[in-house]
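Everything on this sheet refers to the single structure shown next.
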Amino acid sequence: MAALESVEDVEAGPGLIGVLRDRLDGIADRWVGHIVAKNSAYLDTALVSLPDLRKSCRDNTDAVLRLLTGDAGGEPYAVIRAGARRQAERGVPLDSVLRSYRLAGLAVWQELVDCAAGDPALLELAGSLWLIIDEVSAEAATCYHYHRTELELLRMAEQRRRAMVDELLRGRGRDASFLEDAAVKLDLPADSPYLVFAVEPTSAGRPGVEMAAETLAAGGFRSVWQVSGEVLVGLVALEKSGPEAVLRRLRPAMRGRGGAGPVVAGLGQVDEGFQLASIAMATLPAGAPGLATLEDHLPEALLVRSPDLADMLVRELLGPVLDLPGREGRHLLTTLAVWIDTNCSVAHTATRLYCHRNTVLNRLNRLEGLLGRPLKGRATFVAVSLALTAWELRNVRERGRER
């Protein structure tokens, strides 16, 4: 604090500093100009706009002037520490950060010379100025190193957590010692039932579900959400409530396509839950936001899990209809799908399609002739229903590729 004491002995110091306070904007502009001209790597690395840089320079200059007068009110070092933390987070090299503070001293000194050339107190104030710049630089360096160390520890912890989740998804949870370690490191119960999620990012690359862990924590659920490959994996412990409570909380937060598997017995079985959650996710249109549970999409899940068999089912059962020229085949299959959805009601199908019931009957007769079988009986009904579902899923996939 020697510099703060020495400036009090300079009679003209407070007067000159008062003048500098009036010129705060000019000093900030000088400092920005020096950074752009002599330390441009700082600006490039920081990924900060010039208006933001100017505001930061002005705030830091004000802190330096308050330190020069011994005015410690308002924690002037807080501005310095906050700036050092930001630059540490952005990965700006420490040398560039410290060089920017030397350029701040230059900007203040140039303003002093402009407004007080010939003043005998100028040289004494200059000594105090550079001592303050050294103190500010040392404070910034200390805070920078501390925050970089903190960030590195967080990064290492995140890597360990990601590795733990990846190992669980590979089936390592069957190893009792690994399972115990993973439960401790992830802060999750080993023997609780789990609901597992697979969620794709949005088309803009943002997370497919917003603040999932925080949303669930508000309801008393412990969970871990970790990116694995290109998919966000969610492991939700059902310690106090069933899966319905989790789904109610997450559905409004969905922004991408997601799936939830059936409940699994413990943390050691989340690999099975994730595989089934991924299948549930694939039953939804590509790129469409939503959350599918496997139990609600079992027929689609069967087809998604066996895409070759699904394509064969479409080809063998619906091929003669799909081979029709123009849009006739699509009109016939749409009629068939609506007829099945309305519990085989000709009247309701006609209403849904805005056509006469005789038109529906004619289309159904045409379909029976093309398919070579009557649209009756459990075996035919199940086969045709699955074939239609497979055809719709294929159309959904093709539309997703076109986006």
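Values quoted throughout were computed directly from the atomic coordinates according to the rules given, and no laboratory measurement underlies them. Keep in mind that what you see is a predicted model, and the values were worked out from it rather than measured. When we count neighbours, we look across all protein chains shown, and the Cβ atoms used for this are built from the backbone with ideal geometry, even at glycine.
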If you project the alpha carbons of the chain onto the principal axes, what extent comes out on each, in Å, largest first?
109, 55, 31
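Show me 270-280, 132-142 ranked by packing, highest mean number of other Cβ atoms within 10 Å first. Intermediate results must be reported in sequence, preceding the final value.
Working: 270-280: 22.5, 132-142: 18.5.
Top to bottom by mean Cβ count within 10 Å: 270-280, 132-142.
Exactly which trypsin sites (Lys or Arg not before Pro) in the range 86-174 are in a DSSP loop and have at most 14 other Cβ atoms within 10 Å? Mind showing how you got there, number by number?
Details: sites: Arg86, Arg90, Arg99, Arg102, Arg148, Arg155, Arg160, Arg161, Arg162, Arg170, Arg172, Arg174; in loops: Arg170.
Qualifying residues, ordered by number: Arg170.
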Percent relative contact order for the range 306-402, counting Cα pairs under 8 Å at least six residues apart, stands at 34 percent
Listed by chain and number, the aspartates and glutamates with an alpha carbon less than 19 angstrom from that of Lys55, same-chain partners under 8 positions apart left out, are Asp22, Asp25, Asp29, Asp44, Glu75, Glu89, Glu111
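Rounded to the nearest 5, what is the percent of antiparallel bridges among the DSSP beta bridges in the chain?
Values: 17 of 21 bridges.
Counting DSSP beta bridges with both partners in the chain, the antiparallel share is about 80 percent.
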In a Gaussian network model over the chain where Cα atoms closer than 10 Å are linked, find which of Leu169, Leu294, Leu125 has the largest mean-square fluctuation.
Leu125
Mean-square fluctuation maximum in Gaussian network of the chain, Cα pairs under 10 Å, restricted to Gly287, Gly171, Gly91, hits Gly91
Could you work out how far the C-alpha centroid of the range 126-143 sits from that of the range 171-203, in angstrom?
49 Å
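Based on the mean of other Cβ atoms within 10 Å per residue, sort peptides 253-264, 228-239 so the most packed one is first.
Working: 253-264: 21.8, 228-239: 19.2.
Answer by packing, highest mean first, reads 253-264, 228-239.
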How are the Cα pair distances of the range 305-403 distributed, in percent, across 10 Å bins from 0?
15, 48, 31, 6
Any idea what the relative contact order of the range 134-282 is, in percent, if you count C-alpha pairs under 8 Å spaced at least 6 apart?
29 percent
Could you grab the relative contact order for the chain? Cα pairs under 8 Å, six or more apart, rounded to a whole percent.
11 percent
Cα pair distances in the range 183-304, grouped into 5 Å bins until the bin that holds the longest one, percent each
2, 12, 24, 26, 21, 10, 4, 0
Evaluate the Debye formula for the range 225-270 with equal point scatterers sitting on the alpha carbons, no solvent, and hand back log10 of I(q)/I(0) at q = 0.26 Å⁻¹, in q order, two decimals.
-1.23
